[in-house]
Amino acid sequence: MNRRDLLRSALGLIAWPAAAKDLPTDFAPVVPGRPLQFPDDEGSHPEFRTEWWYVTGWLDGNAAPLGFQVTFFRTRPHPETPNPSRFNPRHILIAHAAISDPGHGRLRHESRSARAGFGLAQAAIGATNVWIDAWQLRSEQGHYSALIDAREYTLALDFEPTQAPLLQGENGFSRKGPDPASASYYYSLPHLRVRGRIRIESKSRDVTGSAWFDHEWSSQIMDTQAVGWDWVGLNMDDGAAIMAFKMRRRDGGTHWAGATLRDAAGVTRILAPREIAWETQRLWRSPRSGASYPVATQLRLGESRLDLAPLMDDQESDTRLSTGAFYWEGAVTAASNGQRVGRGYLELTGYVKPLSF
């Protein structure tokens, strides 16, 4: 398989069928009522079209705070061919990693992609163990670790869970639109305790911090009315956790929205779409893609208001050689009445061109 074919298969990640009726019959559907099982559901689900494991967080130490992102995707090419050759790709693995460093002024981002097997890449069933060459994200006895050795930087981080999994939506069944077929299985691990070591160019240092872990798998997320999404995961300073998203229409309005709030005592509340609103406070225009991203936003969740502000404006990722898209993925703080109340990550997709998940 040459590089062009690999890229074409990888781009299947963002070229999903537009409606559930178009779904190939060999892709498993996402249906309500399926209970998530731990640790079995922490690994790969190869019967589904696509899947991702996603860790974002803030790193502290003896220098200014940094943001980081480590994401692994697994996708099944479509259409699959009956070619029995071992070289016929059954799954494509893609990884994105980035450091948000205000001192640098823009995102340090790299990506990797490879077909599964042949000692190149794999996403294991069972415990989380996904890797491409030397890049890896894995779990062992309830703890997670990531190793990313990129040109400009290295991340060698350990993550210790401090809270139980947070099931998104209806016990892990997360709807992404009015049609229940637009959905995923989705859980998070907020407030991961982070320890490790990083290298940026020639300088290395020990770091601590906090992180947010997402694991999501599906065969169909977006329907034809949605062009992209805004998403945020927040580790609140008092121990609470917040996840919120909206699926955007072509006119910029909200097609669907969802949010999960778990307070410091562990009480969880699922918000209805009507209880959620995103109000842009400030736009940043990318000099590369030309997209204007709402990097500063006020998020309304029921009666609460949170003001989201970026660690730095330029946190845009250019992943045209892996997933075929530009998107903004960055560290943000959350404030209420002018006081910081949390930190997390904001993701903004579909601002350059519509996605078609």
- Query: Is one or more of the residues making up region 221-238 farther than 19 Å from Leu137 by Cβ, in contact with a Phe, Trp or Tyr (Cβ under 7 Å, 6 or more places away or on another chain) and acidic (Asp, Glu)?
  - Reply: yes
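Which strands (runs of 3 or more DSSP E) does region 283-331 wholly contain that include 2 or more residues that are closer than 14 Å to Leu348 by Cα and among the charged types (D, E, K, R)?
Working: elements: 292-301, 304-310, 316-319.
In region 283-331, 316-319 are the strands (runs of 3 or more DSSP E) which contain 2 or more residues that are closer than 14 Å to Leu348 by Cα and among the charged types (D, E, K, R).
Does Trp212 fit the bill of being in a strand (DSSP E or B), in contact (Cβ under 8 Å) with a residue 12 or more places away in the chain and more than 26 Å from Gly61 (Cα to Cα)? Spell out the reasoning first.
Working: in a strand (DSSP E or B): yes; in contact (Cβ under 8 Å) with a residue 12 or more places away in the chain: yes; more than 26 Å from Gly61 (Cα to Cα): no.
Considered against the rule, which asks whether it is in a strand (DSSP E or B), in contact (Cβ under 8 Å) with a residue 12 or more places away in the chain and more than 26 Å from Gly61 (Cα to Cα), Trp212 comes out as no.
Anything in region 41-52 that is outside any loop (DSSP other than H, G, I, E, B) and acidic (Asp, Glu)? List them, or say none.
Filtering region 41-52 for residues outside any loop (DSSP other than H, G, I, E, B) gives 41-42, 50-52.
Those that are outside any loop (DSSP other than H, G, I, E, B) and acidic (Asp, Glu): Asp41, Glu42, Glu51.
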- Query: Which number in (1) of a type in the set (A, V, I, L, M); (2) in a strand (DSSP E or B); (3) in contact (Cβ under 8 Å) with a residue 60 or more places away in the chain marks the one condition that Ala259 misses?
  - Reply: (3)
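Here's the yes/no breakdown for (1) modelled with pLDDT of 75 or more; (2) crowded, with 17+ Cβ neighbours inside 10 Å; (3) in a helix (DSSP H, G or I); (4) on the phi > 0 side of the Ramachandran plot:
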site: Leu13; (1), (2), (3), (4): no, yes, yes, no
site: Asp26; (1), (2), (3), (4): yes, no, no, no
site: Phe38; (1), (2), (3), (4): yes, no, no, no
site: Tyr54; (1), (2), (3), (4): yes, yes, no, no
site: Leu59; (1), (2), (3), (4): yes, yes, no, no
site: Ala63; (1), (2), (3), (4): yes, no, no, no
- Query: If you scan region 302-313, which residues turn out to be surrounded by 18 or more Cβ atoms within 10 Å (Cβ to Cβ) and not charged (D, E, K, R)?
  - Reply: Leu306, Leu308, Pro310, Leu311, Met312
- Item | Number of positions in region 173-189 that are surrounded by 23 or more Cβ atoms within 10 Å (Cβ to Cβ) and part of a loop (DSSP other than H, G, I, E, B) | 2
- Task: Look at Arg305 and say whether it is without any contact (Cβ under 8 Å) to a residue 12 or more places away in the chain, over 14 Å from Trp231 (Cα atoms) and among the basic types (Lys, Arg).
- Result: no
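If I ask for residues that are surrounded by fewer than 15 Cβ atoms within 10 Å (Cβ to Cβ) and farther than 25 Å from Ala331 by Cβ, which ones from region 96-121 would you list?
Filtering region 96-121 for residues surrounded by fewer than 15 Cβ atoms within 10 Å (Cβ to Cβ) gives 103, 105, 117-120.
Within region 96-121, Gly117, Phe118, Gly119, Leu120 meet the criteria.
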- Query: All but one of (1) more than 24 Å from Ala164 (Cβ to Cβ); (2) among the hydroxyl-bearing types (Ser, Thr, Tyr); (3) assigned to a strand (DSSP E or B); (4) touching a residue at least 60 places away in the same chain (Cβ under 8 Å) hold for Thr280; which doesn't?
  - Reply: (4)
- Which of (1) under 29 Å from Phe48 (Cβ atoms); (2) of a type outside the set (D, E, K, R); (3) buried (at least 18 other Cβ atoms within 10 Å of the Cβ) is the odd one out, the single condition Pro294 does not satisfy? (1)
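Quick test for you: out of Arg199, Arg205, pick the one residue that is in a strand (DSSP E or B), over 19 Å from the mean Cα position of the chain (by Cα), basic (Lys, Arg) and surrounded by 15 or more Cβ atoms within 10 Å (Cβ to Cβ).
Values: Arg205 fails: surrounded by 15 or more Cβ atoms within 10 Å (Cβ to Cβ).
None of the other options fit; the residue is Arg199.
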- Note on the structure: Gly344 vs (1) closer than 22 Å to Arg108 by Cβ; (2) small (Gly, Ala, Ser); (3) surrounded by fewer than 19 Cβ atoms within 10 Å (Cβ to Cβ): all pass except (3)
- Message: So, Ser317, is that one at pLDDT below 95, polar (S, T, N, Q) and farther than 17 Å from Phe245 by Cα or not?
- Response: yes
- When region 254-297 is checked residue by residue, the ones that are in contact with a Lys or Arg (Cβ under 9 Å, 6 or more places away or on another chain) and small (Gly, Ala, Ser) are Ala257, Gly258, Ala259, Ala277, Ala291, Ser292, Ala296
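The values are calculated or read from the model by the stated rules, or taken from the named source; none is laboratory data. If you're wondering where the values come from, they're calculated on a predicted model, not measured in any experiment. Neighbour counts are summed over all protein chains in view; Cβ atoms, including those assigned to glycine, are modelled from backbone coordinates with ideal geometry.
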